[in-house]
1. Sort out for me the helices (runs of 4 or more DSSP H) sitting completely within the range 26-94 that have 3 or more residues that are in contact with a Lys or Arg (Cβ under 9 Å, 6 or more places away or on another chain) and at pLDDT 95 or above.
2. Does Ala11 satisfy the criteria of being modelled with pLDDT under 95, assigned to a loop (DSSP other than H, G, I, E, B), open to solvent by 40 Å² or more (accessible area, probe 1.4 Å) and among the aliphatic types (A, V, I, L, M)?
3. Can you work out which of the residues in the range 26-42 that are in contact (Cβ under 8 Å) with a residue 40 or more places away in the chain and not hydrophobic (A, V, I, L, M, F, W, C) is surrounded by the fewest Cβ atoms within 10 Å (Cβ to Cβ)?
4. Before we move on, is Ser163 of a type in the set (S, T, N, Q) and either farther than 22 Å from Ile61 by Cα or touching a strand residue (DSSP E or B) at 6+ places or on another chain (Cβ under 6 Å) (or both)?
5. Are any of the residues in the range 166-175 more than 12 Å from Ser75 (Cβ to Cβ), part of a helix (DSSP H, G or I), open to solvent by 50 Å² or more (accessible area, probe 1.4 Å) and out of contact with any helix residue (DSSP H, G or I) (no Cβ under 7 Å at 6 or more places or on another chain)?
6. Being out of contact with any helix residue (DSSP H, G or I) (no Cβ under 8 Å at 6 or more places or on another chain), in a loop (DSSP other than H, G, I, E, B) and either modelled with pLDDT of 95 or more or open to solvent by 40 Å² or more (accessible area, probe 1.4 Å) (or both) is the filter here, so list the residues in the range 110-142 that pass it.
7. Ala154: of a type in the set (A, V, I, L, M) and touching a Gly at 6+ places or on another chain (Cβ under 9 Å), yes or no?
8. Report whether or not Ile73 is of a type outside the set (Ser, Thr, Tyr) and farther than 18 Å from Leu137 by Cβ.
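The values are calculated or read from the model by the stated rules, or taken from the named source; none is laboratory data. Values in this document were obtained by computation on a predicted structure and should not be read as measured data. Note: ideal-geometry Cβ built from the backbone for every residue, glycine included; neighbour counts use all protein chains shown. Accessible surface areas use protein heavy atoms only, side chains included; no ligands, DNA or RNA. Shrake-Rupley method; radii C 1.70, N 1.55, O 1.52, S 1.80 Å.
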Amino acid sequence: MIITTPAPEGASGSVAAMYEGDLAADGFVHSYTAAMAVNPEAHDAFVALVRTVVPSIGVRIYEAATLGAARVIGSSHCLIAHGRKSMKAGVVDEAGLRAFAADDDSAFTVAEQAVIRYAERLSTSPREMTDADTAELREHGFTDRQIVDITLAAGLRNHFSRSLLALAVPLDDDPLIAPELAAALRHRVEGDAE
(Lines give C-alpha, C1' and ligand atoms only; values in the text may rest on other atoms or scores of the structure.)
Protein backbone atom coordinates (compact mmCIF):
# COMPACT_ATOMS: atom_id res chain seq x y z
CA MET A 1 0.00 0.00 0.00
CA ILE A 2 1.34 3.43 -0.85
CA ILE A 3 -0.07 5.08 2.28
CA THR A 4 0.24 4.54 6.01
CA THR A 5 -3.07 3.62 7.59
CA PRO A 6 -4.27 4.27 11.15
CA ALA A 7 -3.26 1.50 13.52
CA PRO A 8 -6.15 -0.39 15.12
CA GLU A 9 -4.49 0.03 18.51
CA GLY A 10 -5.42 3.43 19.82
CA ALA A 11 -7.95 4.17 17.05
CA SER A 12 -10.74 6.46 18.20
CA GLY A 13 -13.86 8.15 16.89
CA SER A 14 -14.90 7.33 13.32
CA VAL A 15 -11.79 5.26 12.66
CA ALA A 16 -12.49 3.05 15.67
CA ALA A 17 -16.11 2.69 14.53
CA MET A 18 -15.00 1.61 11.06
CA TYR A 19 -12.63 -1.00 12.49
CA GLU A 20 -15.20 -2.20 15.03
CA GLY A 21 -17.76 -2.56 12.21
CA ASP A 22 -15.43 -4.87 10.29
CA LEU A 23 -14.57 -6.87 13.41
CA ALA A 24 -18.25 -7.30 14.31
CA ALA A 25 -19.30 -8.26 10.79
CA ASP A 26 -16.31 -10.26 9.55
CA GLY A 27 -13.94 -10.88 12.46
CA PHE A 28 -11.04 -8.89 11.00
CA VAL A 29 -10.28 -5.41 9.68
CA HIS A 30 -10.21 -5.37 5.89
CA SER A 31 -7.23 -3.66 4.26
CA TYR A 32 -9.63 -1.51 2.23
CA THR A 33 -11.26 -0.30 5.46
CA ALA A 34 -7.85 0.65 6.84
CA ALA A 35 -7.11 2.59 3.64
CA MET A 36 -10.39 4.47 3.82
CA ALA A 37 -9.84 5.16 7.54
CA VAL A 38 -7.25 7.75 6.49
CA ASN A 39 -10.26 9.93 5.58
CA PRO A 40 -13.19 8.58 7.62
CA GLU A 41 -15.43 11.51 6.65
CA ALA A 42 -15.14 10.56 2.97
CA HIS A 43 -15.86 6.94 3.87
CA ASP A 44 -18.95 7.98 5.82
CA ALA A 45 -20.14 10.06 2.86
CA PHE A 46 -19.62 7.08 0.53
CA VAL A 47 -21.63 4.80 2.84
CA ALA A 48 -24.38 7.43 3.14
CA LEU A 49 -24.64 7.67 -0.65
CA VAL A 50 -24.86 3.88 -0.97
CA ARG A 51 -27.72 3.96 1.53
CA THR A 52 -29.60 6.47 -0.66
CA VAL A 53 -29.53 4.26 -3.77
CA VAL A 54 -30.31 0.81 -2.37
CA PRO A 55 -33.93 1.45 -1.28
CA SER A 56 -35.23 2.08 -4.82
CA ILE A 57 -33.37 -0.78 -6.51
CA GLY A 58 -32.96 -3.35 -3.74
CA VAL A 59 -29.95 -5.40 -2.74
CA ARG A 60 -30.07 -7.76 -5.73
CA ILE A 61 -29.86 -4.98 -8.31
CA TYR A 62 -27.30 -3.06 -6.24
CA GLU A 63 -25.07 -6.14 -6.10
CA ALA A 64 -25.53 -6.84 -9.83
CA ALA A 65 -24.41 -3.29 -10.66
CA THR A 66 -21.55 -3.53 -8.18
CA LEU A 67 -20.30 -6.89 -9.43
CA GLY A 68 -20.62 -5.86 -13.09
CA ALA A 69 -18.56 -2.74 -12.51
CA ALA A 70 -15.99 -4.50 -10.32
CA ARG A 71 -15.47 -7.29 -12.86
CA VAL A 72 -14.76 -4.98 -15.78
CA ILE A 73 -12.64 -2.59 -13.68
CA GLY A 74 -10.55 -5.51 -12.48
CA SER A 75 -11.06 -5.10 -8.75
CA SER A 76 -10.37 -8.32 -6.87
CA HIS A 77 -11.16 -6.50 -3.61
CA CYS A 78 -14.70 -5.67 -4.68
CA LEU A 79 -15.35 -8.93 -6.54
CA ILE A 80 -14.47 -10.94 -3.46
CA ALA A 81 -16.19 -8.65 -0.92
CA HIS A 82 -19.36 -8.27 -2.96
CA GLY A 83 -19.29 -11.87 -4.11
CA ARG A 84 -19.42 -12.81 -0.43
CA LYS A 85 -22.14 -10.24 0.26
CA SER A 86 -24.15 -11.43 -2.75
CA MET A 87 -24.02 -15.03 -1.58
CA LYS A 88 -24.99 -14.03 1.95
CA ALA A 89 -27.96 -12.02 0.61
CA GLY A 90 -29.09 -14.91 -1.61
CA VAL A 91 -28.42 -13.04 -4.85
CA VAL A 92 -26.23 -15.79 -6.28
CA ASP A 93 -24.74 -19.04 -4.99
CA GLU A 94 -21.11 -20.15 -5.13
CA ALA A 95 -21.53 -21.96 -8.45
CA GLY A 96 -23.17 -18.91 -9.97
CA LEU A 97 -20.37 -16.69 -8.73
CA ARG A 98 -17.76 -19.04 -10.20
CA ALA A 99 -19.60 -18.83 -13.51
CA PHE A 100 -19.72 -15.03 -13.20
CA ALA A 101 -15.93 -15.02 -12.78
CA ALA A 102 -15.80 -16.80 -16.16
CA ASP A 103 -18.10 -14.20 -17.79
CA ASP A 104 -21.20 -16.41 -17.56
CA ASP A 105 -23.95 -14.32 -15.97
CA SER A 106 -26.70 -16.95 -16.28
CA ALA A 107 -27.03 -17.36 -12.49
CA PHE A 108 -28.52 -13.87 -12.40
CA THR A 109 -32.04 -12.99 -13.55
CA VAL A 110 -32.45 -11.53 -17.04
CA ALA A 111 -33.03 -8.07 -15.51
CA GLU A 112 -29.92 -8.42 -13.35
CA GLN A 113 -27.91 -9.43 -16.42
CA ALA A 114 -29.04 -6.21 -18.11
CA VAL A 115 -27.85 -4.27 -15.06
CA ILE A 116 -24.48 -6.05 -15.18
CA ARG A 117 -24.06 -5.09 -18.86
CA TYR A 118 -25.09 -1.49 -18.13
CA ALA A 119 -22.59 -1.24 -15.25
CA GLU A 120 -19.85 -2.65 -17.47
CA ARG A 121 -20.59 -0.11 -20.20
CA LEU A 122 -20.64 2.74 -17.69
CA SER A 123 -17.28 1.52 -16.36
CA THR A 124 -15.57 1.26 -19.74
CA SER A 125 -17.06 3.86 -22.09
CA PRO A 126 -19.36 6.28 -20.26
CA ARG A 127 -18.84 9.12 -22.77
CA GLU A 128 -20.34 6.95 -25.50
CA MET A 129 -23.52 6.11 -23.59
CA THR A 130 -26.87 7.24 -24.99
CA ASP A 131 -30.56 6.61 -24.39
CA ALA A 132 -30.04 3.28 -26.14
CA ASP A 133 -28.05 2.11 -23.13
CA THR A 134 -31.03 2.62 -20.84
CA ALA A 135 -33.53 1.08 -23.28
CA GLU A 136 -32.81 -2.44 -22.05
CA LEU A 137 -33.22 -1.33 -18.44
CA ARG A 138 -36.57 0.27 -19.33
CA GLU A 139 -37.65 -2.95 -21.05
CA HIS A 140 -37.17 -4.69 -17.71
CA GLY A 141 -39.42 -2.16 -15.99
CA PHE A 142 -36.83 0.04 -14.31
CA THR A 143 -38.07 3.56 -13.60
CA ASP A 144 -36.12 6.77 -14.12
CA ARG A 145 -35.29 6.83 -10.40
CA GLN A 146 -34.08 3.25 -10.53
CA ILE A 147 -31.96 3.94 -13.63
CA VAL A 148 -30.36 6.87 -11.84
CA ASP A 149 -29.72 4.71 -8.78
CA ILE A 150 -28.31 1.84 -10.89
CA THR A 151 -26.02 4.41 -12.53
CA LEU A 152 -24.99 5.75 -9.13
CA ALA A 153 -24.37 2.23 -7.80
CA ALA A 154 -22.04 1.46 -10.72
CA GLY A 155 -20.42 4.89 -10.41
CA LEU A 156 -19.86 4.38 -6.70
CA ARG A 157 -18.13 1.08 -7.42
CA ASN A 158 -15.90 2.85 -9.94
CA HIS A 159 -14.98 5.37 -7.25
CA PHE A 160 -14.21 2.78 -4.60
CA SER A 161 -12.56 0.12 -6.78
CA ARG A 162 -10.37 2.55 -8.66
CA SER A 163 -9.34 4.26 -5.42
CA LEU A 164 -8.22 0.93 -3.94
CA LEU A 165 -6.30 0.06 -7.08
CA ALA A 166 -4.60 3.48 -7.21
CA LEU A 167 -3.56 3.21 -3.55
CA ALA A 168 -2.18 -0.31 -4.13
CA VAL A 169 -4.29 -1.66 -1.26
CA PRO A 170 -3.29 -5.28 -0.65
CA LEU A 171 -5.86 -8.00 -1.10
CA ASP A 172 -6.86 -9.73 2.13
CA ASP A 173 -7.07 -13.48 2.49
CA ASP A 174 -10.77 -13.40 3.28
CA PRO A 175 -11.61 -16.33 5.58
CA LEU A 176 -15.32 -15.85 4.89
CA ILE A 177 -15.19 -16.97 1.26
CA ALA A 178 -14.00 -20.34 -0.03
CA PRO A 179 -10.35 -20.12 -1.11
CA GLU A 180 -11.15 -21.75 -4.48
CA LEU A 181 -13.86 -19.18 -5.19
CA ALA A 182 -11.60 -16.30 -4.17
CA ALA A 183 -8.94 -17.73 -6.49
CA ALA A 184 -11.42 -17.88 -9.39
CA LEU A 185 -12.41 -14.25 -8.82
CA ARG A 186 -8.75 -13.20 -8.55
CA HIS A 187 -7.92 -15.16 -11.70
CA ARG A 188 -10.65 -13.26 -13.57
CA VAL A 189 -8.82 -10.04 -12.79
CA GLU A 190 -5.25 -11.32 -13.06
CA GLY A 191 -6.08 -13.18 -16.28
CA ASP A 192 -7.29 -9.91 -17.83
CA ALA A 193 -4.06 -8.20 -16.82
CA GLU A 194 -1.86 -10.72 -18.65
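1. So the answer is 40-73.
2. no
3. Gly27
4. yes
5. Looking through the range 166-175, none of the residues is more than 12 Å from Ser75 (Cβ to Cβ), part of a helix (DSSP H, G or I), open to solvent by 50 Å² or more (accessible area, probe 1.4 Å) and out of contact with any helix residue (DSSP H, G or I) (no Cβ under 7 Å at 6 or more places or on another chain).
6. Thr130
7. Yes: the conditions hold for Ala154.
8. yes
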